[in-house]
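The values are calculated or read from the model by the stated rules, or taken from the named source; none is laboratory data. On a predicted model such as this, the values are computed, not experimentally measured, just so you know. Please note: Cβ atoms are built from the backbone with ideal geometry, for glycine as well, and neighbour counts cover all protein chains shown. Each accessible area value is taken on the protein alone, full model and side chains, heavy atoms only, with ligands, DNA and RNA left out. Shrake-Rupley method; radii C 1.70, N 1.55, O 1.52, S 1.80 Å.
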Amino acid sequence: MPYYHLRRVDSTLSPVCGLAMLNPGWTHIRRCLETESVLLIGKKGHALIEDNGLPFEISEGKMLLLPAGHIHRGLERAEKPLSYWWFHFYQGVHLDDEMRIFLPKKLCDKELDLIFSSADSRLDMLKNGIILPQSMEIERFDMVGNLCGEALGLFASGGDSPLAYNNAVERILLELGRQFVEKTLASQSEGKSNPLVKKILESLEDELSNPNASVKFLADQLGLNADYLGRAFKESMNVPLGQYISRRRVELACSRLCENNDTIEEVARDCGFGSRRQFFEVFRQFTGKTPASYRADSAYVGINAL
């Protein structure tokens, strides 16, 4: 599932919106909006929409984000009456008499894992933005539906309340972002309460500095089949165990880089990396920086966390 970071949600602008009420036989046209994203909130019925080659369902109680710059189109004709709220929107700020538009930034699974790995990471990323999956079941659908109705009412009132209307669209995005964070944190908490996962996490923390620590190593320690261990961990934590091990080592390395003056080689060794090259490759993969640049940047801004 693709995820997107919407920056500067406090600067949300929505040029148009509506409530689509469609008859059987309807299908979405093929198009691409360069600067405007589209938010769909299913109200009744069912349809399939393709976005950049990926199929998604729009149905009652479900959200679908069609990011700016993507080609989207209908995949099939509606068999029954269909209705959904829709909002075109973008985040834009005037700088030197020009409009700067913040397009949705796609996040890979590893970036998302890092963001949710600590409260500091999450708060830094969500300081003035939100994260949304491209599609999501809405937990509090009545609340979101009421917000959609309020936004449409303000839009229909015309030019007297553009600020209020844009704020209403902003509240819809914020509510969806809040629901996604709550759902993700609840899933993580549930996974860590699994007795087997708890044993895996405890064993890993004891062996994190051991370069031999791997899925097979942990499985041997617990007397279990490595494939079974890996499947059980991923089902509960929604992340492959090997990827989780690498992430924890990078988190430990980030802490060591900020807290002491050990050499890069010493940090790599103490955090379980088999070589300097492996350390650089994995560290850059998760943080987008080299260990040296991360240490320099952290020292400059005075932070000690990812």
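Couple of notes before you dig in:
- Residue within segment 181-198 that is open to solvent by 20 Å² or more (accessible area, probe 1.4 Å), acidic (D, E) and without any contact (Cβ under 8 Å) to a residue 24 or more places away in the chain present: no
- Cβ-Cβ under 6 Å pairs, at least 6 apart or on other chains, segment 245-272 side under 14 Å from Y294 (Cβ atoms), far side part of a loop (DSSP other than H, G, I, E, B) and open to solvent by 30 Å² or more (accessible area, probe 1.4 Å): C254/L306; C258/N304
- Some residue of segment 152-166 being open to solvent by 30 Å² or more (accessible area, probe 1.4 Å), at pLDDT 90 or above, aliphatic (A, V, I, L, M) and out of contact with any helix residue (DSSP H, G or I) (no Cβ under 8 Å at 6 or more places or on another chain): yes
- Qualifying positions in segment 226-235 - more than 20 Å from S193 (Cα to Cα) and surrounded by 15 or more Cβ atoms within 10 Å (Cβ to Cβ): A226
- Strands (runs of 3 or more DSSP E) fully within segment 12-93 counting 2 or more residues that are among the basic types (K, R) and on the phi < 0 side of the Ramachandran plot: 37-44
- Considering only residues in segment 29-57 that are within 21 Å of H5 (Cα to Cα) and among the aliphatic types (A, V, I, L, M), the one that is modelled with the lowest pLDDT turns out to be L54.
- Checked against the criterion of being within 30 Å of E266 (Cα to Cα) and among the hydrophobic types (A, V, I, L, M, F, W, C), the candidates L163, L252, L152 yield just one match: L252.
- Residue match in segment 161-180 (condition: in contact with a Gly (Cβ under 6 Å, 6 or more places away or on another chain) and outside any helix (DSSP H, G or I)): no
- Flag if D227 is assigned to a loop (DSSP other than H, G, I, E, B) and either of a type outside the set (K, R) or at pLDDT 90 or above (or both): no
- Applying the condition of being closer than 15 Å to Y84 by Cα and of a type in the set (S, T, N, Q) to segment 133-151 and asking which residue is farthest from the chain's Cα centre (by Cα) yields N146.
- Taking segment 89-111 as the range and being over 16 Å from L33 (Cβ atoms), touching a strand residue (DSSP E or B) at 6+ places or on another chain (Cβ under 6 Å) and open to solvent by less than 80 Å² (accessible area, probe 1.4 Å) as the test, the residues that pass are V93, L107.
- Condition check for V250 on (1) modelled with pLDDT of 90 or more; (2) closer than 22 Å to D109 by Cβ; (3) open to solvent by less than 20 Å² (accessible area, probe 1.4 Å): one failure, at (1).
So that you can scan it fast, the table gives a plain yes or no per residue for (1) within 18 Å of L185 (Cβ to Cβ); (2) more than 20 Å from the chain's Cα centre (by Cα); (3) open to solvent by less than 20 Å² (accessible area, probe 1.4 Å); (4) modelled with pLDDT under 90:
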| residue | (1), (2), (3), (4) |
| --- | --- |
| E60 | no, yes, no, no |
| E76 | no, yes, no, yes |
| D113 | yes, no, no, yes |
| F116 | yes, no, yes, yes |
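- Residue selected from segment 201-225 under the condition open to solvent by 30 Å² or more (accessible area, probe 1.4 Å) and hydrophobic (A, V, I, L, M, F, W, C), by the criterion nearest to Y244 (Cα to Cα): V215
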